[in-house]
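Reading through the structure tokens given below for one structure.
Read-outs throughout are calculated quantities, based only on the coordinates presented, and are distinct from any laboratory measurement. On a predicted model such as this, the values are computed, not experimentally measured, just so you know. Counting neighbours? That spans all protein chains shown, and the Cβs are built from the backbone with ideal geometry, glycine included.
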Amino acid sequence: MTRYLEIGQIVNTFGIKGMVKVKPFTDDIEQFEKLKKIYVKTKNSKKEYEIEQVKYHKNMVLIKFKGIDKIEDAEILRGSYLIKDREDDEPLEEGTYYIVDLLGLDVYEENGNLLGKLEDIYNTGSNDIYVVKNELGKQILLPAIADVIKKIDIENKKITVHLIKGLI
């Protein structure tokens with residue numbers, strides 16, 4: 001499992017006092033309020049910052065880091081990614097997973113037939129769509145609903161699915 005989780009990207013500055021605007025990569029944007037520290041990852045480095053303040057503005061998260069007090073300092077962070085240590089996170093609810101833990105898992109039918117690997121996950125609003133790609137490059141789109149996704153076994157890197165008639 002990946003130790004660090006990307007939870008957003010700094011897309012711009014906000015105001016003149018060093019606040020940054022973050023595009024969140026999470027369903028629960030309020031988790032930013034619970035964080036005391038976060039890592040800012042650039043192409044070449046990863047640096048820990050203490051969070052002073054969190055606000056929300058038009059589906060974006062506004063963060064003020066300790067020591068970043070001018071727009072010029074915040075501008076340097078633009079394009080960087082925010083990552084957190086998995087150990088700092090609260091346990092997920094039963095049946096909830098991080099996308100990074102699901103990508104690359106083998107997807108099998110209930111009869112043991114290998115369909116391929118989970119390549120991507122799209123959120124449609126009502127439910128997620130799992131994109132499974134076989135060794136020939138053919139994609140299968142599976143709705144992430146209880147009738148289709150029967151078992152997710154992170155430890156054994158395996159997802160078991162039930163193909164409803166007409167699905168593929």
Scalar couplings 3J(HN,Hα) for region 109-126 by Karplus 6.51 cos²θ - 1.76 cosθ + 1.60 (θ = phi - 60°), nearest whole Hz, x for Gly and Pro, are 6, 4, 7, x, 5, 6, 8, x, 10, 6, 9, 7, 9, 10, 9, 9, x, 7
Rounded to whole angstrom, the alpha-carbon centroid of region 104-162 lies from that of region 17-46 at a distance of 30
Highest GNM mean-square fluctuation among GLU110, GLU94, GLU33, for the chain with Cα springs under 10 Å, belongs to GLU94
Here the relative contact order (percent) of region 99-161, from C-alpha pairs under 8 Å and at least 6 apart, is 30
Counting only residues 5 or more apart in sequence or on a different chain, those whose built amide H sits under 5 Å from that of GLU52 are LYS64, PHE65, LYS66
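Mind checking the dipole of the chain: about its Cα centre, +1 per Lys or Arg Cβ, -1 per Asp or Glu Cβ, Debye to the nearest 20?
Details: 27 positive and 30 negative charges, 147 e Å.
Value, rounded to 20: 700 debye.
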Rounded to the nearest 0.05, FRET efficiency between GLU94 and ASN12 (Cβ-Cβ, R0 22 Å) equals 0.05
Dividing the mean separation of Cα pairs under 8 Å (6+ apart) by the residue count of the chain yields a relative contact order in percent of 19
The aspartates and glutamates whose Cα lies under 19 Å from the Cα of LYS151, excluding any fewer than 8 residues away in the same chain, are GLU93, GLU94, ASP101, ASP106, GLU109, GLU110, GLU119, ASP120, ASP128
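Mind putting a number on the dipole of region 4-88 about its Cα centre? Charges go on the C-beta only, +1 for Lys and Arg and -1 for Asp and Glu, and I need it in Debye to the nearest 20.
240
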For the table LYS41/LYS64; LYS21/LYS55; LYS84/LYS157; LYS43/LYS70; LYS34/LYS66, the rows whose alpha-carbon distance is greater than 19 Å are LYS84/LYS157; LYS43/LYS70
With x for Gly and Pro, the residue-by-residue ³J(HN,Hα) of region 156-168, computed from phi through the Karplus equation 6.51 cos²θ - 1.76 cosθ + 1.60 at θ = phi - 60° and given in whole Hz, is 9, 6, 9, 10, 10, 10, 10, 7, 5, 3, x, 6, 10
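Could you calculate, for region 1-105, the ratio of the Cα radius of gyration to the Kirkwood radius, expressed as Rg to Rh?
0.97
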Rounded to two decimals, the Rg over Rh value of region 122-168 from Cα coordinates and the Kirkwood Rh reads 0.96
